[in-house]
Amino acid sequence: MKPSKKWPPQSLCNYPVCLTPSCLPDECLARQDSDADNQEQDYIACLAVQLNQLLIQQTRQSMVLFGGDLIKAYLVLEIGYRHPVAQALYHSKNKQYAFSNIHSLAEATGIPRETVRRKIRELIATNWLSRLADGGLVICKERLASYRQTILPDQIALLLSTADKVKALQAAHHR
């Protein structure tokens, strides 16, 4: 779908420059110093744009990594999130830890068990995950290394940049 040339409509966003991902527009900061009737709405709108940029970029990266399948991306994130120490130490120390399995992922995510099972099977086939003898799931070492070297630094930079923008907006709003 092609973006509309009229986006953003002025009725939805008075600050089309807020959509520029590389900087926090001076207009957003200046509006926080004004006595505008809509100052709180302006503040929330500018914050929302900054946070949405972060989420959109992360979603785009996930779409690329997982061939457009965000359920797969979500399941891999859940596996890493639920047992981060186990995931990190498993490859280096080869000890047994508690890991997510298909049943626990289905319960935690609300995704039907059969869908989780099918997606996990596909993730194993594409070398994203390995299944342990007890059914636990481990993110493959090569994929972890690739993620840490290529995607994680960009995500951290984007997160820090977004945090700086949000702090600047908060400081201007609370003056």
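The values are calculated or read from the model by the stated rules, or taken from the named source; none is laboratory data. Everything numeric here is computed off the predicted structure, so don't read it as measured data. Methodologically, a virtual Cβ is constructed for each residue, glycine included, from the backbone with ideal geometry; neighbour enumeration extends over all protein chains shown. Accessible surface is based on the protein model in full, side chains and every heavy atom, while ligands, DNA and RNA are left aside. Shrake-Rupley method; radii C 1.70, N 1.55, O 1.52, S 1.80 Å.
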Report yes if ALA145 is under 21 Å from HIS83 (Cα atoms) and out of contact with any helix residue (DSSP H, G or I) (no Cβ under 8 Å at 6 or more places or on another chain), otherwise no. yes
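Given the structure, is LEU169 over 30 Å from GLU40 (Cα atoms) and either open to solvent by less than 50 Å² (accessible area, probe 1.4 Å) or touching a Gly at 6+ places or on another chain (Cβ under 9 Å) (or both)?
On the way: over 30 Å from GLU40 (Cα atoms): no; either open to solvent by less than 50 Å² (accessible area, probe 1.4 Å) or touching a Gly at 6+ places or on another chain (Cβ under 9 Å) (or both): yes.
The answer is no for LEU169.
Out of ILE120, ILE151, which single residue is over 27 Å from ALA48 (Cα atoms), within 21 Å of the chain's Cα centre (by Cα) and open to solvent by less than 70 Å² (accessible area, probe 1.4 Å)?
So the residue among ILE120, ILE151 that is over 27 Å from ALA48 (Cα atoms), within 21 Å of the chain's Cα centre (by Cα) and open to solvent by less than 70 Å² (accessible area, probe 1.4 Å) is ILE120.
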Any residue in the range 21-33 that is modelled with pLDDT under 70, open to solvent by less than 40 Å² (accessible area, probe 1.4 Å) and touching a strand residue (DSSP E or B) at 6+ places or on another chain (Cβ under 9 Å)? no
